[in-house]
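Here's the structure we're looking at; comments come further down.
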Amino acid sequence: MQISQMNWQQVEAYLAGDDRAVLPLGCTEQHAYLSLSTDSILAERVAVEAAEPLGVPVFPVVAYGITPYFRAYPGTLSLRVTTYMAVVRDLLDSLADTGFRRIVLVNGHGGNSPVQGLVAEWLVDHPGTCVRFHNWWNAPQTWAKVQEIDPVASHASWMENFPWTRLAGVVLPDQRKAPINIARLQQLGPTAVRTELGDGNYAGLYQRGDDEMQLLWETGVAETRAVIADGWPTITSE
């Protein structure tokens, strides 16, 4: 269930019997011919579909992330690392203050990875809570399915091309893009990154069949659902 479809009384009633919550983390950045909101769309949708059968509330996606390297692409918006850490910390504080004790951060953007360090630090100051950081797209089962379908997969390639991230009227290239040198790319500023990268796809085909994409999606949803549902440690105040 989505928090946007609940009122505060319903959340209070929920917390009387369960203390889990899901917060999706996304980004607004270039994805070649796909939506600039691809990471946000996917993180929120996979979280909602995963949590729905469990009756666990999902908060609106944090739609902006850390992506300074793509700032030469119009439409990309990036937060400073310090800003982003402060935002996520404040959100975790609010969740804990409300009464949520088991929190899953479903992340859809690789640039948001520094949050993992923040979580470890935050937990020191919040005994009696547990936070899981879940990169849904490269979690073990989901990444294994990607590799099974096509081992050449990357940012803005076929692996992010779902019906809900495509744009009407946009025709995608039908070739397989050669892999770029990621190590070299990481040494460049935004303008040079755009020159080096071109349209934004890192490597591989731009699109595959919807039947394959549905299998990938179902794997991602199931794996995310298990993260929300299973294996939580016993939480005690320290």
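Since every read-out is calculated from the coordinates, none of them should be taken as a lab result. The model shown is predicted, which means the values in this text are computed figures rather than measured ones. A quick note on method: Cβ atoms are made from the backbone with ideal geometry, for glycine too, and the neighbour counts reach across all protein chains shown.
Okay, here's what the table says:
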{"read-out": "Proximal charge balance of Leu25 [Cβ under 15 Å; K/R count +1, D/E count -1]", "value": "-1"}
{"read-out": "Hz values of 3J(HN,Hα) by residue in the range 71-76 - Karplus curve (6.51, -1.76, 1.60), Gly and Pro given as x", "value": "5, 7, 8, x, x, 7"}
{"read-out": "Residues whose placed amide H lies under 5 Å from that of Tyr202, excluding near-sequence neighbours", "value": "His155, Ser157"}
{"read-out": "Rounded to 5, the percent of DSSP beta bridges in the chain classed as antiparallel", "value": "20 percent"}
{"read-out": "Loop trypsin sites (Lys or Arg not before Pro), the range 59-118, which have at most 10 other Cβ atoms in a 10 Å radius of their Cβ (DSSP)", "value": "Arg80"}
{"read-out": "Per-residue Cβ neighbour rank within 10 angstrom, fewest leading, Thr129, Thr82, Thr28", "value": "Thr82, Thr129, Thr28"}
{"read-out": "Cα-based shape type of the range 163-238, given that a ≥ b ≥ c are square roots of the gyration tensor eigenvalues and the cut on a/c is 1.5", "value": "oblate"}
{"read-out": "Relative contact order %, the chain, counting alpha carbon pairs below 8 Å whose residues are six or more apart", "value": "25 percent"}
{"read-out": "Potential extension, Gln214-Leu188 segment - 0.36 nm per residue separation minus Cα distance", "value": "5.8 nm"}
{"read-out": "Loop-located chymotrypsin sites (Phe, Trp or Tyr not before Pro) in the range 147-238 whose Cβ has at most 15 other Cβ within 10 Å (DSSP)", "value": "Trp164"}
{"read-out": "Gain in span if fully extended, Asn7 to Thr83, counting 0.36 nm per residue against the direct Cα distance", "value": "24.5 nm"}
{"read-out": "Antiparallel bridges, percent of DSSP beta bridges restricted to the range 1-128 (to nearest 5)", "value": "15 percent"}
{"read-out": "Cut-off 17 Å, label 7 Å out along Cα→Cβ of Leu54, residues of the range 204-224 by amide N", "value": "218-224"}
{"read-out": "Unit Cα scatterers, Debye sum, the chain: log10 I(q)/I(0) for q = 0.07, 0.09, 0.14 Å⁻¹", "value": "-0.24, -0.40, -0.93"}
{"read-out": "Note, ³J(HN,Hα) from phi for the range 27-41, Karplus 6.51, -1.76, 1.60, rounded to Hz, x at Gly and Pro", "value": "6, 10, 8, 4, 9, 6, 8, 8, 4, 4, 9, 3, 5, 6, 4"}
{"read-out": "Residue order, fewest to most surrounding Cβ atoms within 10 angstrom, among Leu79, Leu42", "value": "Leu79, Leu42"}
{"read-out": "Computed over the range 1-119, Kirkwood Rh from alpha-carbon pairs, angstrom", "value": "14.9 Å"}
{"read-out": "Under 14 Å from the Ala229 label point (7 Å along Cα→beta-carbon), backbone N, the range 48-64", "value": "49-56"}
{"read-out": "Cut-off under 5 Å, modelled amide H: who pairs with Leu105 long-range", "value": "Leu23, Arg132, Phe133, His134"}
{"read-out": "Computed over the range 17-58, the ratio Rg/Rh where both radii use C-alpha atoms and Rh is Kirkwood", "value": "1.12"}
{"read-out": "Under Karplus coefficients 6.51, -1.76 and 1.60, residue-wise ³J(HN,Hα) of the range 83-88 in Hz, glycine/proline x", "value": "5, 5, 4, 5, 4, 5"}
{"read-out": "Helical contribution to [θ] at 222 nm, DSSP H n ≥ 4, -39,500 (n - 2.57), averaged over the chain, rounded to 500", "value": "-12000 deg cm²/dmol"}
{"read-out": "Prolate/oblate/rounded call for the range 67-166, Cα gyration tensor, a/c under 1.5 rounded", "value": "oblate"}
{"read-out": "FRET efficiency, Arg166 to Ser113 (Cβ-Cβ, R0 22 Å, nearest 0.05)", "value": "0.25"}
{"read-out": "Distance from the range 166-201 to the range 8-53 (C-alpha centre basis), Å", "value": "27 Å"}
